[in-house]
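Asks: Take this structure, written in structure tokens, and hold onto it; I'll ask about it next.
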Amino acid sequence: MMLAASSLFVDTQCRADEVNDALAGKIGQGTTSEGIKAIESFLITNPGDDRALFSLGLMQLLQGWESVSQGLYRYGAGGPLRQSAGLVLPIAGLIPANPDPEPVAVDDVRAMFLEGIESLKAADQTLAKIDDDFYCSTDILAIRMDFNGDGIASDKETVLGVLSTTRVRLRNPDTNTPMTKLLVDFDRGDAEWLRGYCNLSMALDEYILAHDFSELFNKAGHVFFPEPVSEYTYLRSGKSPFEQEKMYTGGIDPLDIVSFIHLLRFPVAQPERLEKVQDHLLAAIGHSRAMWSLYNNETDNTNEWIPNTMQTAALPGAMITEDAYKSWIQFLDASQNILEGNTLLPFWRGDGSLGIDINAYFEKPTEFDLILFFQGSAAHPYLKEGEMLDPKVWEDMERAFNRHSFRHMFWIN
């Protein structure tokens, strides 16, 4: 009897409806905007449906990423030096090359990130409305985004398609066969996980927008964009002192690449946005704690996105050991103490008596200078004596996650 009731419940949750079709990219041309409209329509007749709210929040988050990717495609981002461009802005490596890029001004770039933030805010606000447990089953490899803005989210623009394009192959460790489907049953804990991702994404966007990167754009934007609107047009055509060497640098003059790195120094134009960065990072930590509190109370074990220490993940081979869980909680505590200025980041120069006060950086920012930061002098305004971060925090993370801490941080944020 219990088995029959359980089957009926799962069948009800998995039935074909606007929510499932939207997540599977089966509405219209599969774009996030079409999926969002379908779920919003569903919520009109099913107000407060937590499964639909989670799906809507997920689609809104994807729309935020999608708006940035479409802008980058429109302007041919990464075209001049495609491989290296992916290191500057990782999402650029996932976007197809645009054979006919549009001219782009520095204000266009800022507008792109501003649009993305609005979608991320909407996603976080939607997910905040969830107040009960739910189950939302979806094949995450089938989720798609319209990366190039042509109005069609094609099969190449699914998660599976993107992984294939980037030559990442998911394989079942038991059978060693390629995976073409990954069914996940998202639940209440995953809503907190997604809110964490919303806040991390907003923190990145706010950090970019807090700075004035116009000098970099005007003098070296052609390293990243084919048609930047700038007075220095002669830098991207005509003679070059390193004409022969350009064949080794993607057609870009090596001096321009050096200049690009040299110009990675940005005055803080909107310090209030840096305060938001700190707020978003602290919020992400709070959602991670809430997420684990909910995960630890789960007793089921079906297609878990992130399992507790007693569950099995939907992703074959993925697991969270008791040691990994404890090291993650320790990492969250350490991160909060660093952001709030209670603990200092160890400084890599001098005699080791000084550390960096990250809270002071957010309170009195001046500029971001990549080279001088690593050299050490740019950190001078934020140096002080005090309690340092215990290196054992990271050592424990590396040991618990088998030297793949960054990979797991991307997964469990």
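Asks: Add +1 for every Lys or Arg and -1 for every Asp or Glu among the other residues with Cβ under 15 Å from the Cβ of Asp100, and state the total.
Replies: Once positives and negatives cancel, what remains is -2.
Asks: Student exercise: in the chain, how many lysine pairs 8 or more apart or on different chains have Cα atoms under 19 Å apart?
Replies: So the count of such lysine pairs works out to 13.
Asks: With the convex hull built on the Cα atoms of segment 367-413, state its orientation-averaged projected area in nm².
Replies: If I average the Cα hull's projected area over directions, I get 5.0 nm².
Asks: Right, something else. Excluding Met291 itself, what net charge comes from residues whose Cβ is under 12 Å from its Cβ, given Lys and Arg +1 and Asp and Glu -1?
Replies: Its environment carries a net charge of -1.
Asks: Moving on to the next point. Which of the peptides 128-138, 193-203, 334-344 is most tightly packed, and how do the rest follow, going by the mean number of other Cβ atoms within 10 Å of each residue?
Replies: By packing density, highest mean first, the sequence is 193-203, 334-344, 128-138.
Asks: Here is a further query. Taking 37 °C and 0.692 mPa s as the conditions, I'd like the Stokes-Einstein D for segment 218-336 in µm²/s, using the Kirkwood hydrodynamic radius from alpha carbon pairs.
Replies: 170 µm²/s
Asks: Can you give me the long-range amide H partners of Val104? Hydrogens built in the peptide plane at 1.01 Å from N, cutoff under 5 Å, separation of 5 or more residues or another chain.
Replies: Glu227, Val229
Asks: Based on DSSP, what percent of beta bridges with both residues in the chain are antiparallel, to the nearest 5?
Replies: Expressed as a percentage, antiparallel bridges in the chain total about 80.
Asks: With N set to the residue count of the chain, report its C-alpha Rg divided by 2.2 N^0.38 Å to two decimal places.
Replies: 1.07
Asks: Then there's this: Among Val277, Val223, Val393, Val229, which comes first, then next, by fewest other beta-carbon atoms within 10 Å?
Replies: Going from least to most buried by this count: Val229, Val393, Val277, Val223.
Asks: OK, next. Between rounded, prolate and oblate, where does segment 289-350 land on the alpha carbon gyration tensor, with a ≥ b ≥ c its root eigenvalues, rounded for a/c under 1.5, else prolate if a/b exceeds b/c?
Replies: prolate
Asks: What value, in deg cm²/dmol to 500, does the helix sum -39500 (n - 2.57) over DSSP H runs of n ≥ 4 give at 222 nm once divided by the residues of the chain?
Replies: It comes out at -16000 deg cm²/dmol, rounded to the nearest 500.
Asks: Still on this model: Mind ordering 308-314, 184-190 by average Cβ neighbours within 10 Å, highest first?
Replies: Peptide ranking by packing, descending: 184-190, 308-314.
Asks: Let me ask you something else. Quick one: pull the percentage of alpha-carbon pairs in segment 279-392 with a separation above 23 Å.
Replies: 46 percent
Asks: While we're looking at this one, here's another question. Among residues other than Ser67 whose Cβ falls under 9 Å from its Cβ, what is the net charge (Lys/Arg +1, Asp/Glu -1)?
Replies: Within the 9 Å Cβ shell, the charges total -3.
Taken together, the values in this text are just the output of simple stated rules run on the coordinates, not laboratory data. This one's a predicted model, so the numbers in the text were calculated from it and none came from an experiment. Here Cβ is always computed from backbone atoms with ideal geometry, including for glycine, and neighbour counts include all displayed protein chains.
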